[in-house]
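Once you've had a glance at the structure underneath, I'll fire off some questions.
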Amino acid sequence: MRTSAEYLADLKRLKPNVYVGGARVGRDDPRIVPGVRVMSTTFELAKDPKWQSLLTARSHLTGQAVNRFTHVPQNAYDLMQKQKMIRLLAQRVGGCIQRCMGMDGIIALSVVTKEMDDRYGTQYNRRFLEYLRFYQEHDLAAACAQTDMKGDRAKRPSEQADPDAYVHIVDVGDKGIFVRGAKLSITMVAYADEMIVVPTRALREDDKDYAVAFALPADWDNVHLITRPVFVRERQMIKCPYAELGGSDSVVVFDNAFVPWERVFMCGEWEFGRRLALLFADSHRHSYSGCKPAVSDILCGAACLVAEANDIEKASHVREKLSEFAGAAELSYAAGIASAIYGEKTSSGTFFPNSIYANVGRRLTGESIFREYNLLVEIAGGLLVTLPYEDDFNAAETEAYLKKYIVRNPKIPPETAHRIWRFVENLAASSVSAWSQIAGVHGGGSPIMETIALNAQYDYESKKNIAKYLAGIDKELDQSRDLEREPVPPSSLMRGTMAPDG
Ligand SMILES: Cc1cc2nc3c(=O)[nH]c(=O)nc-3n(C[C@H](O)[C@H](O)[C@H](O)COP(=O)(O)OP(=O)(O)OC[C@H]3O[C@@H](n4cnc5c(N)ncnc54)[C@H](O)[C@@H]3O)c2cc1C
């Protein structure tokens, strides 16, 4: 496993293909660095004895200890550890831990490559497993590029006026394929080692050229990363971890980029486009049942702190609001656990989360995100957007006024009060807040996507049958399907269990 210093050294070696604000920049650009710090945490803590058992796993390919972000879950315990790791890390980095993108990408590829081989006799799974071995041995961090630019949303890929609206195959040669198009909103690719590219939607036969999945190094020839970093205003005096962290999203342009065969994992199998798109989305929605509770935890903690600063901690309306955070965080977390214990062993051996629980959990959090920010804002009052700049707290003419008036609760010293308000400003009234809110709605698929996933899979008929029985329309109630559904046995929830049956 790499140290964070090794990750940074590898990042330095990447060719400059990142563009920010009209110029090509290095991966050490100060606007990119807050995201690099988030990524570094995933390497640092994997080496920390206190965190090691959570952040590492045993590779099912090599038997070696690997960073859990490179591991493909083999049982329900692995899924639950993944979720727990994401929650705890997201708390530490103040929100999105970002590295789960690549993890969900490899999980999806591990399943679909086997299913395609089973159907067509192709060799994708062997190829993928070789890539996974390389990925684990080098402890790589990958972005997952799924979302296409999409063009006219009412048209399918092959119906678009511009054929490049979705990433597609433009040529197939002896050594590999050439691809063109662009992916949108791709988090962390500006400081990733690799990118995993998968289709964004169901495809038809006419869309065959759009059925393409592959992995490339992040600095590959003819790949351009047009990047929008997100970070809070730099602190001068009252430094804090939150203000040092951030992220970035990129438009990833593939301008006739060459992909060698050993890195191609789908090439024209349009019948599996939907399956791969959903595998990534569902695995990622399960990841959200780790990170979104952490966002609620952070908002809840900030609400407690600012309530103390206002000396209203015990007010009944505050207590009621705090309990809403608890509900949002823990229901979503519980959905993730249910998704793990009702997960299933796929033909590839990968243990995959239950899609219904992953989708209901994700939809709940997508719908509650603005409500949660609203709760914090209500408790805080308006000061979080009207707080004078940091410098004014240290300027000769204004310092004494601000240190006197920033104190509301007399038990809190002026610097602590200032820190609380500055943190709440950063958290709820900055460009990072807007990012977090919109990521909360759309990341991993907009709420409508969860609705579509649920409507495709949820057994409404069995619910109707319950009503028919209770209403006396049917004499019998058939519950055999519900009885057949079993959670995984407790033995497979024990640490280190690698039971082949999951
Ligand atoms: C902060 C952030 C980070 C992200 N990170 C990543 C990442 O790392 N990797 C990645 O691949 N993606 C990422 N995404 C993208 C995310 O998955 C998408 O934003 C999400 O899936 C919605 O897609 P979209 O933004 O293209 O919106 P659209 O799909 O265009 O949706 C916009 C609206 O159009 C509606 N709509 C769409 N099609 C139709 C239709 N045919 N008929 C009627 N209505 C329609 C939708 O319901 C929605 O209301 C990220 C997004 C955000 C906000």
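From the set of residues in the range 417-440 that are buried (at least 16 other Cβ atoms within 10 Å of the Cβ) and of a type in the set (Val, Ile, Thr), which is farthest from the ligand (Cβ to nearest atom)?
In this case the residue turns out to be 420.
With the condition kept exactly as written, say whether any residue in the range 179-192 is closer than 30 Å to residue 415 by Cα, within 16 Å of the ligand (Cβ to nearest atom) and either hydroxyl-bearing (Ser, Thr, Tyr) or outside the structural domain of residue 430 (by TED's automatic domain parsing) (or both). Before you say what the answer is, go through the steps one by one.
The initial filter retains those residues of the range 179-192 that are closer than 30 Å to residue 415 by Cα, namely none.
So far as the range 179-192 goes, no, none of its residues is closer than 30 Å to residue 415 by Cα, within 16 Å of the ligand (Cβ to nearest atom) and either hydroxyl-bearing (Ser, Thr, Tyr) or outside the structural domain of residue 430 (by TED's automatic domain parsing) (or both).
Does residue 167 satisfy being farther than 30 Å from residue 298 by Cα and more than 22 Å from the chain's Cα centre (by Cα)?
When the stated conditions are applied, residue 167 does not pass them.
Related question: For residue 4, state whether it is modelled with pLDDT under 95 and not assigned by TED's automatic domain parsing to the domain that holds residue 487.
Considered against the rule, which asks whether it is modelled with pLDDT under 95 and not assigned by TED's automatic domain parsing to the domain that holds residue 487, residue 4 comes out as no.
Examine the range 333-347 for a residue that is in contact with a strand residue (DSSP E or B) (Cβ under 6 Å, 6 or more places away or on another chain) and buried (at least 21 other Cβ atoms within 10 Å of the Cβ), and state whether such a residue exists.
yes
Still on this structure, I have one more. Checking residue 88 against (1) under 30 Å from residue 270 (Cβ atoms); (2) within 16 Å of the chain's Cα centre (by Cα), only one condition comes out false. Which one?
Checking residue 88 against (1) under 30 Å from residue 270 (Cβ atoms); (2) within 16 Å of the chain's Cα centre (by Cα), the one that fails is (1).
Determine which single condition residue 255 fails, assuming it passes every other condition in (1) more than 16 Å from the ligand (Cβ to nearest atom); (2) in a strand (DSSP E or B); (3) crowded, with 20+ Cβ neighbours inside 10 Å.
Among (1) more than 16 Å from the ligand (Cβ to nearest atom); (2) in a strand (DSSP E or B); (3) crowded, with 20+ Cβ neighbours inside 10 Å, the lone unmet condition for residue 255 is (3).
A follow-up question, please. Please list, ordered by residue number, the helices (runs of 4 or more DSSP H) wholly in the range 66-146 having 1 or more residues that are surrounded by fewer than 24 Cβ atoms within 10 Å (Cβ to Cβ) and within 14 Å of the ligand (Cβ to nearest atom). Break it down stepwise before answering.
On the way: elements: 76-92, 100-120, 124-137.
Fully inside the range 66-146 and qualifying: nothing.
If the requirement is being over 30 Å from residue 231 (Cα atoms), surrounded by 14 or more Cβ atoms within 10 Å (Cβ to Cβ) and either within 16 Å of the ligand (Cβ to nearest atom) or at pLDDT 90 or above (or both), which of these qualifies: 467, 453, 471?
When all the criteria are applied, what remains is 453.
Checking the conditions here, which among 297, 311 is surrounded by fewer than 22 Cβ atoms within 10 Å (Cβ to Cβ), at positive phi and either of a type in the set (D, E, K, R) or touching a Gly at 6+ places or on another chain (Cβ under 6 Å) (or both)?
Of 297, 311, the one residue that is surrounded by fewer than 22 Cβ atoms within 10 Å (Cβ to Cβ), at positive phi and either of a type in the set (D, E, K, R) or touching a Gly at 6+ places or on another chain (Cβ under 6 Å) (or both) is 311.
Tell me, yes or no, whether the range 47-65 has at least one residue that is of a type in the set (A, V, I, L, M), touching a helix residue (DSSP H, G or I) at 6+ places or on another chain (Cβ under 6 Å), crowded, with 17+ Cβ neighbours inside 10 Å and in a loop (DSSP other than H, G, I, E, B).
no
Answer yes or no as to whether residue 380 is small (Gly, Ala, Ser), buried (at least 23 other Cβ atoms within 10 Å of the Cβ), farther than 22 Å from residue 200 by Cα and in contact (Cβ under 8 Å) with a residue 40 or more places away in the chain.
Against the criterion (small (Gly, Ala, Ser), buried (at least 23 other Cβ atoms within 10 Å of the Cβ), farther than 22 Å from residue 200 by Cα and in contact (Cβ under 8 Å) with a residue 40 or more places away in the chain), residue 380 qualifies.
Among the candidates 208, 155, which residue alone is closer than 23 Å to residue 269 by Cα and either modelled with pLDDT under 95 or within 16 Å of the ligand (Cβ to nearest atom) (or both)?
Every option except 155 fails the conditions.
The values are calculated or read from the model by the stated rules, or taken from the named source; none is laboratory data. Keep in mind the model is a prediction, meaning the values are calculated, not measured. All Cβ positions, even for glycine, are placed from backbone atoms using ideal geometry, and neighbour counts span all protein chains on display.
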